[in-house]
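The values are calculated or read from the model by the stated rules, or taken from the named source; none is laboratory data. Since we're looking at a predicted model, the values are computed, not measured. No Cβ is skipped: glycine too gets one built from the backbone with ideal geometry, and neighbour counts run over all protein chains shown.
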Amino acid sequence: MSELCDEGSRLYAQALRAGRLAREAAEPAPCLVEFSLLHPDPDDPNWLRPVPPSVALAHRLNPIEREIADRRRLSVELAEAFEPFMALSTQVTAATHSISVLEGLDRINAALDLATAECRSEMLTVQPSGRRLEHILVQGLERDRPLIERGVRIRTLYQHTARYSPETIGYVSQFADGKVEYRTIDELVERLIICDETVAFIPTRDDRQVALELRHPGLVRYLIKVFEFMWARAVPLSTGAPYETAPDGITEIQHSIAKLLVEGHVDEAIARRLGMNVRTCRAHIAKLATALGSGSRAQLGYLIAQSGILKQQD
């Protein structure tokens, strides 16, 4: 208990002014006894005399001060126990800093700006498609142009739908004369940026407000291998026609949709994974159904499995 009740405060003040307090009057305020603020009158058992405030305060503070002293003693003992390990803290700090959490777009962009400013050899990027807002494109131009001017090689992966994005095509055209390569692939999972095989950035939330800055060599090497795996299967943006109809009457993107349909994904998830809006996705599904002669969604899945088109794609 650390506070006097209201009635106890009033009665203690009354006892200090009068020099004593009737025992019956103190009964409504048991906190007076708990705080040892009153003691029996040696001359009359019906009365209680107040303990001086300084004495009462010292009585309350003594155990607190002992506890503080004990904790100080414990802190010294802990410091002495951990002192032999402090020399190893540099190694621990280095391991911790190999993975940094970046919260907020300002901090993420600041870290990206620093990494690209220090990039001297090659930057690898994976950019899932979607409408790219003007201010995002401006940030990208401001960040990438100095890289091109320094002769840094840039390789970027988009989804096939980027071929029909005026914003993306306009952005790509800004760097036609540099050491830049663009390719597209049907499906990308998330954004990825790697600079000079030393640092990588990946998002951790769908709203892209939190990202990880990775400097662990093993993690960065692994992500480079993932990029190279996708790069080898992608089509150069300047050539190829991934949406052209194959001999079986089904386009490559429809093959991709068929695969995701068989896996059980709904239209919204398929559209998100392939970088297109839901309306376009459903239009492709309708064309796929027509090509296979399907009259229903359930039948379409069966016909996809029976047609062998997924095996042909592999």
What's the total number of residues in segment 29-44 that are surrounded by fewer than 12 Cβ atoms within 10 Å (Cβ to Cβ) and either touching an Asp or Glu at 6+ places or on another chain (Cβ under 7 Å) or hydrophobic (A, V, I, L, M, F, W, C) (or both)? 0
Can you tell me which residue within segment 45-89, out of those that are in contact with a Lys or Arg (Cβ under 8 Å, 6 or more places away or on another chain) and surrounded by 10 or more Cβ atoms within 10 Å (Cβ to Cβ), is farthest from Leu16 (Cα to Cα)? Asn46
Residue among Gly104, Gly130 that alone is at pLDDT 85 or above and in the same structural domain as Trp231 (by TED's automatic domain parsing): Gly104
Could you tell me whether Arg183 is surrounded by fewer than 18 Cβ atoms within 10 Å (Cβ to Cβ) and in contact (Cβ under 8 Å) with a residue 24 or more places away in the chain? no
